[in-house]
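Reading through the structure tokens given below for one structure.
The values are calculated or read from the model by the stated rules, or taken from the named source; none is laboratory data. Computed from a prediction, not measured in an experiment: that's the story for all the values here. We place every Cβ from the backbone using ideal geometry, glycine too, and count neighbours over all the protein chains shown. Ligands, DNA and RNA are stripped out before the accessible areas are found, and what is left, the full protein with its side chains, is counted by its heavy atoms. Shrake-Rupley method; radii C 1.70, N 1.55, O 1.52, S 1.80 Å.
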Amino acid sequence: QPVAHRMLSRFLNFCTDKIGCTVPSDRRPATTSILLERDEAGNEQEKGQTPAPSWAKTAVEQEKIEPVKEITMVEEYAETKQESTVEENKGKDESTVEETKGKDESTAESTVEETGTKTSNVASSVGRSRETSLNSSRAFHEADQKYGERISDDALVTFCDRLKSSLEKQTTVDRKFEGWLPINTILIFARMIAAKRELERAKKKNDQKGVKALESELGGSEEVRKEIHKAITDGKNRVCQILYDANRLHYVVVYRSPTREYLCLYDSLLNTAHPERSLKNINDQILAIFGHLFPEEKDIPIRIYLNYEQQSDDWSCGYRAIACVLKLVFNQRPCLVSYNLEDIHTLLIDCLDTPEISYEYFEKKSRDLCHPMKSYEEYDKDILYYVFRHNGSSEKEEMDENNNETDDEK
């Protein structure tokens with residue numbers, strides 16, 4: 001019986017190997033109770049057990065064996081491929097060394113040309129960036145000072161600074177001017193002059209509280225006075241100054257010639273029926289600027305020009321003040337002409353956008369900003385002659401026919 005069982009087992013093993021059939025994974029490997037010391041191949045086995053046939057191996061055991069074979073195959077393939085690539089790279093390195101030697105010579109020449117083009121491109125890009133920055137700066141000023149809107153105090157001060165600088169740098173013609181004071185400085189000192197009058201009235205009324213308040217307000221008046229007297233010294237030079245009428249939100253121009261003992265007022269929003277009202281609004285400013293040039297017991301004569309072009313809007317007074325100053329600086333008559341406001345706006349933007357403007361540019365603009373309306377023979381007509389007193393009062397006087405303007409004081 002054991003012999004028959006052993007022969008049947010061998011037959012089954014032979015059939016399964018030839019046919020290649022497998023058993024389910026949940027089938028446990030078969031064992032026999034026959035005690036064998038050696039298997040058919042001569043290998044020793046544990047007593048009481050025989051190795052399971054190949055068909056009796058579970059799927060888990062087969063999966064454990066197969067990946068090992070794949071890994072060993074991949075390692076063998078990688079080793080062979082690495083050996084082949086090492087040999088190929090040796091050959092390539094020798095060829096690339098020779099190729100790079102030839103390329104280095106050609107690239108050295110090409111890089112010289114490329115650097116030249118790059119430097120030119122950098123220079124052009126810098127020029128374009130500078131042009132862009134200038135254009136952006138001008139666009140900013142145009143947006144800040146739009147045509148058709150009132151000019152700010154700072155813009156007028158900048159224009160005066162540019163004009164003053166150009167006059168100081170040129171040496172061909174004697175164009176010595178004084179003034180050009182900041183508008184805020186004049187307003188501050190004008191308020192102090194008014195405070196002095198109020199202080200005198202407060203002392204007469206014995207208003208101790210008012211006297212104390214006004215004296216504290218006048219504490220810094222001496223410093224402002226020195227600043228104004230430094231800008232307008234002794235009256236030997238011509239003076240041109242833009243003033244701000246706070247009551248009308250309006251700019252006017254006051255001019256003084258050293259050879260004539262009177263001031264000239266150019267107001268584009270003049271009340272022709274009551275021109276003295278223009279003086280009333282700026283009387284303290286006139287005293288702040290010109291008071292030290294006239295003794296207190298002497299009146300300050302002033303001319304008001306009715307033939308100065310009047311505005312029909314509420315914003316162009318600053319533009320007309322710029323044109324009037326240019327006319328006076330270059331000995332041209334600011335009256336009996338019509339001003340081109342758009343050209344004046346262009347001039348203003350140029351002053352805001354450019355730190356330095358030439359004397360020739362200003363001189364050309366002074367002629368191009370306007371065109372005549374009437375003959376200059378009528379220039380001395382429609383002029384009112386007033387006197388201005390240190391107490392702030394003014395009154396109309398008859399014009400001295402022998403005191404007409406000469407060509408050097410237009």
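Below are the figures for this structure:
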quantity: For I300, distant residues with modelled amide H under 5 Å away; calculated: F388, R389
quantity: Amide H within-cut-off set for E397, under 5 Å, with H built and near neighbours excluded; calculated: Y385, Y386, V387
quantity: Lys, Arg +1 and Asp, Glu -1 on Cβ, resulting dipole of segment 170-256 about Cα centre, debye, nearest 20; calculated: 260
quantity: Only Lys, Arg (+1) and Asp, Glu (-1) charged, at Cβ; segment 205-305 dipole about Cα centre in debye; calculated: 240
quantity: Separation of the R367 and N271 label points, Cα + 7 Å toward Cβ, nm; calculated: 4.1
quantity: Largest-first principal axis extents, alpha carbons of segment 231-328, Å; calculated: 38, 27, 22
quantity: Net charge dipole size for segment 161-217 [Lys, Arg +1 and Asp, Glu -1 on Cβ; Debye, nearest 20]; calculated: 240
quantity: With every protein chain in place, segment 206-306: carbon and sulfur % of accessible area (1.4 Å); calculated: 48
quantity: Radius 11 Å from Cβ of F294, net charge of other residues (Lys, Arg +1; Asp, Glu -1); calculated: -1
quantity: Cβ crowding within 10 Å averaged over residues, with 265-278, 321-334, 195-208 ranked highest first; calculated: 321-334, 265-278, 195-208
quantity: Sites D207 and E395 - FRET efficiency at Förster radius 30 Å, r taken between beta-carbons, to 0.05; calculated: 0.50
quantity: Flagged links, alpha-carbon separation over 27 Å, of K298/K396; K146/K176; K204/K280; calculated: K146/K176
quantity: Kirkwood-Stokes translational diffusion coefficient of segment 172-261, alpha-carbon pairs, 37 °C, 0.692 mPa s, µm²/s; calculated: 216
